[in-house]
1. What distance in nm separates the simple spin-label points at residue 39 and residue 124, each placed 7 Å from Cα in the Cβ direction?
2. Could you size up the charge dipole of segment 41-197 around its Cα centre, putting +1 on the beta carbon of Lys and Arg and -1 on that of Asp and Glu, and report it in debye to the nearest 20?
3. With every protein chain left in place, what is the accessible area per residue of segment 48-146 in square angstrom, probe 1.4 Å?
4. Could I have the simple spin-label model distance between residue 348 and residue 87, label points 7 Å from Cα toward Cβ, reported in nm to one decimal?
5. Find the Rg to Rh ratio for segment 113-162, where Rh is the Kirkwood radius over alpha-carbon pairs and Rg uses the same atoms.
6. What are the ³J(HN,Hα) values, in whole Hz, obtained from phi via the Karplus relation 6.51 cos²θ - 1.76 cosθ + 1.60 with θ = phi - 60°, for each residue of segment 40-48 in sequence order, with x given for Gly and Pro?
7. Calculate the FRET efficiency for residue 376 and residue 336 from the Cβ-Cβ distance with a Förster distance of 51 Å, rounded to the nearest 0.05.
8. Calculate the length of the line joining the C-alpha centroid of segment 287-303 to that of segment 108-127, in whole Å.
Amino acid sequence: MHRNSIFSPVVHIIRRALKFLLTKPVTWIANRVSSAPVKDNVMKALTNLYNETIAEPGKKGELFPFDPSSQSLIIFSDEHKGTRNGSDDFAVCEKNYLAALDYYNDRNFYYINLGDCEELWENTIFGLMKHNEHVFEKEKLFVRRKAYFKIFGNHDLFWDNDPLASLYLKKMYDEAVKIYTCMVLRLSFPGSNHIDIFCTHGHQGDAQSDGNAFSKWFVSYVWGPLQSLLEINTNTPSNNDNLKTLHNLYMYNWSAAQDNVILITGHTHQPVFRSLTHLERLYLNLEEAQSKSDKDAIAKIEAEIPRRKKEYDFVNNSFQHMKPSYFNSGCCCFDDGTITGIEIADGFIRLIKWSYVNNIPARIVAEETSLAGLADTISHFHVNA
C-alpha cells in the first residue's frame with residue numbers, strides 16, 4: 001500500500017479536529033486586524049501613493065508616459081493562479097487567459113498585471129511555480145519586450161514581503177522583474193492638459209492588507225496558511241457584496257475628488273466602467289429606452305436586470321450623475337471561465353471580456369469610449385458637494 005494512502009485518513013482527522021478547535025478563534029483574530037475599509041484610510045492611502053509616485057517615480061510605482069495614439073495596453077487582475085486542485089478558481093479560466101495573452105503580445109500591447117496574480121494565501125510559492133510554468137511562459141513574452149508591469153495585491157503580498165521574492169521572480173521569468181505598488185500612465189492630448197491613469201490593486205485602506213507591518217505579516221505567514229489548512233473563508237471584498245459596495249464607492253469617491261485623474265483598480269472582482277457597474281448601466285439604458293418609447297429595448301433590458309440583480313443588487317443613488325473617473329478590471333476567475341480586463345488601444349478605453357464561445361476563447365468588447373472624449377469630460381466635470 002502506498003505510504004500516502006496510509007496517512008491520508010490520519011491527516012483528514014487532524015484537519016477536522018484543528019478546524020473544530022481553531023476556526024472561531026482564528027476568525028476572531030482575523031476580524032480584529034481586518035474590517036470593512038475605512039473611508040478616511042482609503043482616501044489617505046490612495047492620495048499618499050499617488051503623490052509619492054508623481055514625486056519619486058520608481059520608488060513604489062512608475063510614472064509612465066503613454067501615447068494613446070501609438071501605444072496599446074491591457075490590464076488584467078485577480079487571476080488567483082493556484083495549483084490546479086479543487087479550490088483553484090483560475091483553472092477554468094486558464095485557456096481564455098492564455099489566448100488573451102497571445103492576442104495582446106502579437107499586437108505589441110503593454111501588460112499591467114494588477115495584483116492578486118497568484119493565490120499565495122492558499123498555496124506555497126513552490127506549488128504555484130510547478131503548476132503554472134506554461135502560464136509564466138506566456139507572461140514571459142511581455143517581460144522579454146520590457147512590456148510587463150507586475151503589481152502586488154492582498155493575496156500576493158508575498159511579492160512585497162518575502163526577502164527571497166526577487167529570486168523566485170527571476171526563476172519564473174528568467175530575468176529580474178520588479179514588483180510595484182502602482183503605475184501612473186500619463187497621457188497627453190493636443191490642446192489639453194495631461195490625464196493621469198492611476199493603476200493600483202485597490203486594497204488600500206484595508207487594515208488586514210494595507211495596514212502596519214504586523215497585519216501584513218499576519219496575513220502572509222499566519223492567516224493565509226491557516227485559511228488553507230482549516231478550509232475557512234471570512235468575508236473578503238471579493239466575495240462579500242457589502243464590502244464590494246464600500247470598496248467601489250470609496251475608490252470612486254477618491255477618483256471623483258481628483259483633477260484630471262482616472263483610477264483603475266481590481267480587488268472586488270466586479271467590473272466597473274466609467275464609474276458604473278453593469279447593473280447601473282442597465283438602469284441608465286432603461287431610462288433612455290423609456291424616454292424614446294423603445295418597447296423592444298425596454299423589454300430586453302427589463303429581462304436582463306433580474307439576472308444581474310442576483311449577482312449584485314446595489315445601485316448608487318447618484319448613478320445618473322457620476323463622474324466617469326473610476327474603472328475596475330474585474331477578475332480572471334469567474335466560475336464560467338470568463339475573464340475581464342481594461343484595454344487601452346486605438347484611442348479608446350474598453351471593458352473587454354474573453355469568454356468561451358463554442359468552447360473556443362473569444363474576445364468581446366463589453367463597453368468602450370474615446371479616451372480624448374473621456375479626458376475632456378473629466379477635465380470639465382464638476383462634482384456636486
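1. Taking the two extended label points, one gets 4.5 nm.
2. 460
3. Per residue, segment 48-146 has an accessible area of 42 Å².
4. 4.1
5. Reported Rg/Rh, Kirkwood definition of Rh: 0.97.
6. Karplus-based 3J(HN,Hα) across segment 40-48 equals 4, 5, 4, 4, 5, 5, 5, 4, 5 Hz.
7. Calculated transfer efficiency: 0.90.
8. 41
The values are calculated or read from the model by the stated rules, or taken from the named source; none is laboratory data. Just so it is clear, the structure is predicted and the values come from calculations on it, not from any experiment. Please note: Cβ atoms are built from the backbone with ideal geometry, for glycine as well, and neighbour counts cover all protein chains shown. Accessible surface areas use protein heavy atoms only, side chains included; no ligands, DNA or RNA. Shrake-Rupley method; radii C 1.70, N 1.55, O 1.52, S 1.80 Å.
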